[in-house]
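Any read-out appearing in this document is the output of simple, stated calculations on the displayed coordinates, not a laboratory observation. Note that this is a predicted model, so its numbers are computed, not measured. Here the Cβ positions follow ideal geometry from the backbone for every residue, glycine too, while neighbour counts run over all protein chains shown.
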């Protein structure tokens, strides 16, 4: 997990096809709750006997057990709660069978205090050995008094980050192992040692623990092994050979899909931040980028994706940033809503994502798709829309978006030099504040908020080819899916109760079977 502060922007309105920006930083958080149907966050009130309370989703630690996806996550409380609490980020849990209907189960593992390693709880994972579940997690304590204290119960000085664990037999009651601590070995940065991912490796018949570590200023995935977690005996195996150069590779995991092994990890320090993946013929690597080099299936707003499977379907679960204050001008903050993608194995060694099957089935009613305005050279015939932006920008503007909805259709672009744009918060004078651009010249789909690019995902277009797409909208979260290949997760507070638009510039765009669907 990353405790990095994000500084992204807001300002004046922008036109659909050209961007202007004005950044401002706002420190005050006016709390504003939202109700979500597809992309949940914790909403249970804290009361007597309850371990659940309102907050946001941090790093997700999924595991399939007891016939359900057990979605453990770092709970980020409201500022009012955090300011009066002795620690942060306890591990809470959702359960689901279908990545649509979620049950909030409340707190699983609490944080400690200023005198314990886990004053802040960081990302971890769960594994079952025998009849016992072992949950390994990061303990984080950066207090000067803690770091300068040599705890006589441990063999080495305290560090900011270390691995701890708790056990359970029912996934509800957890007991911390008070005398276990695993720190970075010699040669690795002591304060950059987090996000344990533990699994039984069938290929080598032993338990593996992947650690996000740092060696020589470079992020590495360090592997520990054990014959049995009950022994507390974890031995260093060494670094995995992972293509790329990153400051840290956070929240890594490994899974096998078909005859290929895949690794996911998150990073937040390059020009393409977000969840990346690698592929290999062995869990031991080498771990290389997929054919073609495109190693992302969503952008920066989907962070720290990890994978769980019920044996038939594979899902990756991450989270979408929120903003502080709660509007599009706010600074992007750690933690937000749970985002669920269903994984698809594409040709060769590539991974794609689509909206989960249950989510697709959720939208059963076709609503009126009202044209609220148009400009430039456009034409409509039934559910087909032609937008000719060859000589000047052209667009259709549609009626207000309300509540949970899905926009779906097919899109093709006549050339690879122009752009197609989806605009949210469209106003009467054809301006908008949040724009998603299909940008074939740069092999990407990118979103802009108040003139600042906030997220992008690689995508290779072909001129004249028709691509299926959908946008799943749930309050302030809008996730674009294209061709069961990529997604683009977006946070748009200004989306609801405002018009939206579809436009073209320097190209001709054809929209087929365009629909607005509700539940």
Next item on the list: Rank the residues 519, 321 as a footprinting-exposure proxy: fewest other Cβ atoms within 10 Å of their Cβ go first.
Entry: 519, 321
Notebook entry, point to check: Efficiency by 1/(1 + (r/R0)^6): what FRET value for residue 231 and residue 465, r their Cβ-Cβ distance, R0 = 35 Å, to the nearest 0.05?
Noted result: 0.05
Next item on the list: Treat each spin label as a single point 7 Å out from the Cα along the C-beta direction, and report the residue 177 to residue 47 distance in nm.
Entry: 3.8 nm
Next item on the list: Please report the orientation-averaged projected area of the range 55-355, defined via the convex hull of its C-alpha atoms, in nm².
Entry: 15.7 nm²
Next item on the list: Considering Cα pairs under 8 angstrom that are at least six residues apart, work out the relative contact order of the chain and quote it in whole percent.
Entry: 14 percent
Item checked: Highest-first arrangement of 40-52, 338-350, where packing means the average Cβ count within 10 Å -> 338-350, 40-52
Checklist line | Cα gyration tensor shape for the range 385-519, rounded if a/c is under 1.5, else prolate or oblate | finding: rounded
Item checked: Within the range 477-511: backbone nitrogen closer than 15 Å to the residue 380 label point (7 Å, Cα to C-beta) -> 499-503, 511
Note to self: Suppose R0 equals 35 Å. What FRET efficiency, 1/(1 + (r/R0)^6) with r the Cβ-Cβ distance, do residue 309 and residue 416 give to the nearest 0.05?
What the structure shows: 0.45
Next item on the list: Report the full-extension gain for the segment residue 203 to residue 327: residue separation times 0.36 nm, less the Cα-Cα distance, to one decimal in nm.
Entry: 39.8 nm
Note to self: I'd like the distance separating the alpha-carbon centroids of the range 366-394 and the range 84-143, in whole Å.
What the structure shows: 49 Å
Notebook entry, point to check: In whole Å, what is the distance between the alpha-carbon centres of the range 326-361 and the range 167-230?
Noted result: 27 Å
Checklist line | the chain, helix-only ellipticity at 222 nm - DSSP H runs n ≥ 4, -39,500 (n - 2.57), divided by all residues, nearest 500 | finding: -500 deg cm²/dmol
Note to self: If you average the alpha carbon positions of the range 235-267 and of the range 465-513, how far apart do those two centres end up, in angstrom?
What the structure shows: 31 Å
Item checked: Anisotropy class of the range 129-241 from Cα gyration tensor, a/c 1.5 cut -> oblate
Next item on the list: Over all alpha-carbon pairs in the chain, figure out the percentage whose distance exceeds 39 Å.
Entry: 25 percent
Notebook entry, point to check: How much FRET efficiency would the formula 1/(1 + (r/R0)^6) give for residue 245 and residue 484, where r is the Cβ-Cβ distance and R0 is 25 Å, rounded to 0.05?
Noted result: 0.20
Item checked: Three-way shape call for the range 88-183 based on the alpha-carbon gyration tensor, with the a/c threshold at 1.5 -> prolate
Margin query: Test of understanding: ordering 319, 269, 334 by Cβ neighbours within 10 Å, fewest first, what list do you get?
Written below: 269, 334, 319
Note to self: On a full-extension model of 0.36 nm per residue, what is the gain between residue 35 and residue 83, subtracting their alpha-carbon distance, rounded to one decimal in nm?
What the structure shows: 14.8 nm
